[in-house]
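In what follows, a structure is listed as structure tokens, so that the remarks can point back to it.
The values are calculated or read from the model by the stated rules, or taken from the named source; none is laboratory data. Quick caveat: nothing in here was measured; it's all calculated off a predicted structure. Note: ideal-geometry Cβ built from the backbone for every residue, glycine included; neighbour counts use all protein chains shown. Ligands, DNA and RNA are stripped out before the accessible areas are found, and what is left, the full protein with its side chains, is counted by its heavy atoms. Shrake-Rupley method; radii C 1.70, N 1.55, O 1.52, S 1.80 Å.
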Amino acid sequence: MDKITKMKQEKLYEAYVKEKTPVHNVYLNMIKAFITGGTICLIGQFIFHFFQSLHMEKDICSAWTSLLLILLSVILTGINLYPTLAKWGGAGALVPITGFANSVAAPAIEYKKEGQVFGIGCKIFTIAGPVILYGIFTSWALGLIYWFFSIF
């Protein structure tokens, strides 16, 4: 293939990629994430105040709020609504505890047909595993830094 033909193919490929690559509006995505994350937090606040109205301690209210948000996320993942919410809301749906619950539940649901061990057992942490790993490592490193500075 000569050099001119190769350059034409490269330009055609670049035009094809440009045509197929989605264009994102950063400001619109930020607004959607804010609305989605804010709504999730608002639901959590309603749950918290509901349990507080039952005269429960603050720690117990917080625990029930986390549990119910996780349950709601898993149910929405199971009926295939959370992925739609996450696609629309972006980081607003993926960052809170509900996003983490979705990242654990989605592979478990997807791979359950492959069995308990090789399906669910092997695939359940494919998305959440790196989050857990780097979260633990970061907290360990920050704890070490804190310990080092507390000595001096």
**Complete:** Taking a label point 7 Å from the Cα of TYR27 along Cα-to-Cβ, the residues of the range 89-103 whose backbone nitrogen sits under 11 Å from it are none
**Message:** What distance in nm lies between label points placed 7 Å from Cα along the C-beta direction at MET56 and LEU68?
**Reply:** 0.7
**Complete:** Out of GLY44, VAL26, SER73 - ranked by how far each Cα lies towards the positive end of the dipole of the range 1-74, with unit charges on the beta-carbon of charged residues - the top one is VAL26
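With a 1.4 Å probe and all protein chains left in place, how much of the accessible area of the chain comes from carbon and sulfur atoms, in whole percent?
72
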**Prompt:** In square angstrom, what is the accessible area per residue of the range 101-140 with a 1.4 angstrom probe?
**Reply:** 69
**Prompt:** Where in the range 45-134 are there GluC sites (Glu not before Pro) that are in a DSSP coil and have at most 13 other Cβ atoms within 10 angstrom of their Cβ?
**Reply:** GLU57
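Tell me, what is the FRET efficiency for VAL17 and TYR134 to the nearest 0.05, using R0 = 35 angstrom and their Cβ-Cβ distance as r?
Numbers: r = 31 Å, r/R0 = 0.89.
FRET efficiency, VAL17 to TYR134: 0.65.
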